[in-house]
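K.L.:
Sharing a structure below in structure tokens format, with a few things to ask.
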Amino acid sequence: MIMESVERIKQFSNANGTAGFEGEVVRLFAEQTEGLGELTVDGMFNAILRRKGNTGKRPVVQLDAHSDAVGLLTQAVRPNGMLKFVTLGGMVPTNLPAMKVRVRNQDGDYLPGVVATKPPHFMTAAERNAVPQIAEMSVDIGSSSREETIQDFKVDTGCPIFVDVDFEYNEQKGLLFGKDFDDRLGAAAMVETLVQLADKNLAVDVAAGLSAQEEVGLRGAYVTARKIDPDLCIVLEGVPADDTFEPDWLSQTRMGGGPMLRDYDTTFVANPLFQTYATNLATELGIPYTRAVRTGGGQDGAAIGNWKGAPTVVVGIPVRYEHTPYNWANLADYKNAVALTVALLERLDADTISGFSAF
């Protein structure tokens, strides 16, 4: 069971998908949920799976995870053959130089590349201390001219660029290492939740929305929320860990500390009654968790909860170094996030959900 989870996470982590180019992740989601319900995919690459056994007569719970990760997009080809790019999602300029990437060309082939850097031998003192600017960066795919890049490599404006990192698992420590854990951990956890519930009788209907374009403004979740029209929502999200730089008393998202239940970020306030219900259930079941009040960030819960006021909570899986090429996470946190989500869905019913609107 553990290795099945690890293999699922590996496949989602290694898949290529950035905002607007989520097709590979959606195909994987379709393969892993085959037989679990009715799947539809729209022209934005939002995937919605309505669970087998839904009746249409019960409260609807939306599960959400997003398929895109931060990445790059080719803006233009420079005269020397290198690619000028823009970022898709929040990436810090200092994390990009020397990053290995995969460029998908116009034929759909993947080409290796690297975010180019000047060797230190040629840098002035000022250059060594300067903060790099994304507008001045380039991706090098080995070409020597604009013509070669466009005609031979088949790369031009609009070609997506993905982080290139292979997933690894430390079995002894239960540690996950790879790319795009925001939000491939959430996507894998959503699949695992559906698998565990496959033969269960629930008092709610469940629709799982794999939303596109979260990293560029929660765009897909605005669409999935309107299509699903939920009475309640649980967001499964890879969330940034703070345990490597905050003191213990302030750290609210710790690798190995269990799932994070978010009270607040710049886009979202959790329904306090649903939040309390979730934390009480976690305590009852012995599932470790943390709570977080954030001064930055955002996630799909804002788009879904704001659709018609559906009570929403975020079950976050802590990820170190989010929005960089290299991420760490703990398998136990992932498993506990799934366990809490499954337990919530097994216990929710119409009366409980209506109680979250009491005042």
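K.L.:
I'm checking my understanding of the structure. Among residues of segment 12-38 that are in a loop (DSSP other than H, G, I, E, B) and of a type in the set (Asp, Glu), which one is farthest from Glu192 (Cα to Cα)?
P.N.:
First, the residues of segment 12-38 that are in a loop (DSSP other than H, G, I, E, B): 15-17, 19-20, 22, 33-36.
Add one more test, that the residue is of a type in the set (Asp, Glu), and what stays is 22, 34.
Values: Glu22: 20, Glu34: 12 Å.
Per the stated criteria, the residue is Glu22.
K.L.:
Something else about it: Among Gly209, Gly220, which is the only one that is in contact (Cβ under 8 Å) with a residue 12 or more places away in the chain, part of a helix (DSSP H, G or I) and under 15 Å from Ile304 (Cα atoms)? Can you show your working first?
P.N.:
Details: Gly209 fails: part of a helix (DSSP H, G or I).
Of Gly209, Gly220, the one residue that is in contact (Cβ under 8 Å) with a residue 12 or more places away in the chain, part of a helix (DSSP H, G or I) and under 15 Å from Ile304 (Cα atoms) is Gly220.
K.L.:
Tell me which residues, restricted to segment 65-76, are surrounded by 24 or more Cβ atoms within 10 Å (Cβ to Cβ) and part of a strand (DSSP E or B).
P.N.:
Ala65, His66, Ala69, Gly71, Leu72
K.L.:
Follow-up question, since we're still on this one. Has segment 142-165 got any residue that is buried (at least 16 other Cβ atoms within 10 Å of the Cβ) and small (Gly, Ala, Ser)?
P.N.:
yes
K.L.:
Any idea how many residues of segment 223-245 are among the small types (Gly, Ala, Ser) and either more than 18 Å from Thr312 (Cα to Cα) or part of a loop (DSSP other than H, G, I, E, B) (or both)?
P.N.:
Of the residues in segment 223-245, 1 are among the small types (Gly, Ala, Ser) and either more than 18 Å from Thr312 (Cα to Cα) or part of a loop (DSSP other than H, G, I, E, B) (or both).
K.L.:
How about segment 287-326: which of its residues are modelled with pLDDT of 95 or more and of a type in the set (Asp, Glu)?
P.N.:
Glu322
K.L.:
Residues that are free of Cβ contacts under 8 Å to residues at least 40 places away in the same chain and not in a helix (DSSP H, G or I): does segment 344-355 have at least one? Break it down stepwise before answering.
P.N.:
First, pick out the residues of segment 344-355 that are free of Cβ contacts under 8 Å to residues at least 40 places away in the same chain: 351, 354.
Subset that is not in a helix (DSSP H, G or I): none.
Checked segment 344-355: no residue is free of Cβ contacts under 8 Å to residues at least 40 places away in the same chain and not in a helix (DSSP H, G or I).
K.L.:
Could you grab me the full set of residues in segment 86-136 that are in contact (Cβ under 8 Å) with a residue 24 or more places away in the chain, surrounded by fewer than 11 Cβ atoms within 10 Å (Cβ to Cβ) and among the acidic types (Asp, Glu)?
P.N.:
Across segment 86-136, the qualifying residue is only Asp107.
K.L.:
Now for a separate question. Look at Tyr110 and say whether it is in contact with a Leu (Cβ under 8 Å, 6 or more places away or on another chain) and aromatic (Phe, Trp, Tyr). Step through it out loud before you land on a result.
P.N.:
Working: in contact with a Leu (Cβ under 8 Å, 6 or more places away or on another chain): no; aromatic (Phe, Trp, Tyr): yes.
When the stated conditions are applied, Tyr110 does not pass them.
K.L.:
Here are some conditions: (1) surrounded by 12 or more Cβ atoms within 10 Å (Cβ to Cβ); (2) over 22 Å from Gly217 (Cβ atoms); (3) among the polar types (S, T, N, Q); (4) in contact (Cβ under 8 Å) with a residue 40 or more places away in the chain. Gln62 meets all but one. Which one does it not meet?
P.N.:
For Gln62, the exception is condition (2).
K.L.:
Right, next: Which residue, of Ala47, Ala76, is under 23 Å from Phe162 (Cα atoms), assigned by TED's automatic domain parsing to the domain that holds Trp307 and in contact with a strand residue (DSSP E or B) (Cβ under 8 Å, 6 or more places away or on another chain)? Spell out the reasoning first.
P.N.:
Numbers: Ala76 fails: assigned by TED's automatic domain parsing to the domain that holds Trp307.
Criteria check complete, one pass: Ala47.
K.L.:
Taking the conditions exactly as written (without any contact (Cβ under 8 Å) to a residue 12 or more places away in the chain, out of contact with any Ser or Thr (no Cβ under 8 Å at 6 or more places or on another chain), surrounded by fewer than 22 Cβ atoms within 10 Å (Cβ to Cβ) and outside any strand (DSSP E or B)), does Asp199 satisfy them or not? Steps first, answer last, please.
P.N.:
Working: without any contact (Cβ under 8 Å) to a residue 12 or more places away in the chain: yes; out of contact with any Ser or Thr (no Cβ under 8 Å at 6 or more places or on another chain): yes; surrounded by fewer than 22 Cβ atoms within 10 Å (Cβ to Cβ): yes; outside any strand (DSSP E or B): yes.
Against the criterion (without any contact (Cβ under 8 Å) to a residue 12 or more places away in the chain, out of contact with any Ser or Thr (no Cβ under 8 Å at 6 or more places or on another chain), surrounded by fewer than 22 Cβ atoms within 10 Å (Cβ to Cβ) and outside any strand (DSSP E or B)), Asp199 qualifies.
K.L.:
Consider segment 86-141. How many of its residues are aromatic (Phe, Trp, Tyr) and at pLDDT 95 or above?
P.N.:
Number satisfying all stated conditions: 1.
K.L.:
Of the residues Thr279, Thr312, only one is of a type in the set (Ser, Thr, Tyr) and either within 26 Å of Leu96 (Cα to Cα) or without any contact (Cβ under 8 Å) to a residue 40 or more places away in the chain (or both); which?
P.N.:
Working: Thr312 fails: either within 26 Å of Leu96 (Cα to Cα) or without any contact (Cβ under 8 Å) to a residue 40 or more places away in the chain (or both).
One residue alone meets the criteria, Thr279.
K.L.:
Something else: Restricting attention to segment 295-308, which residues are in a loop (DSSP other than H, G, I, E, B) and in contact (Cβ under 8 Å) with a residue 40 or more places away in the chain? First the steps, then the outcome.
P.N.:
First, the residues of segment 295-308 that are in a loop (DSSP other than H, G, I, E, B): 295-300.
Gly297, Gly298, Gln299, Asp300 - these are the residues of segment 295-308 that are in a loop (DSSP other than H, G, I, E, B) and in contact (Cβ under 8 Å) with a residue 40 or more places away in the chain.
K.L.:
Considering only residues that are of a type outside the set (Phe, Trp, Tyr) and buried (at least 20 other Cβ atoms within 10 Å of the Cβ), which ones fall in segment 259-289?
P.N.:
Taking segment 259-289 as the starting set, the residues that turn out to be of a type outside the set (Phe, Trp, Tyr) are 259-263, 265-267, 269-273, 275-276, 278-288.
Residues satisfying the conditions are Pro259, Met260, Leu261, Arg262, Asp265, Ala270, Asn271, Gln275, Ala278, Ala282.
The values are calculated or read from the model by the stated rules, or taken from the named source; none is laboratory data. All of these numbers come straight from a predicted model, not from anything done at the bench. Quick reminder, even Gly has a Cβ in these numbers, built from the backbone with ideal geometry, and neighbours come from all protein chains shown.
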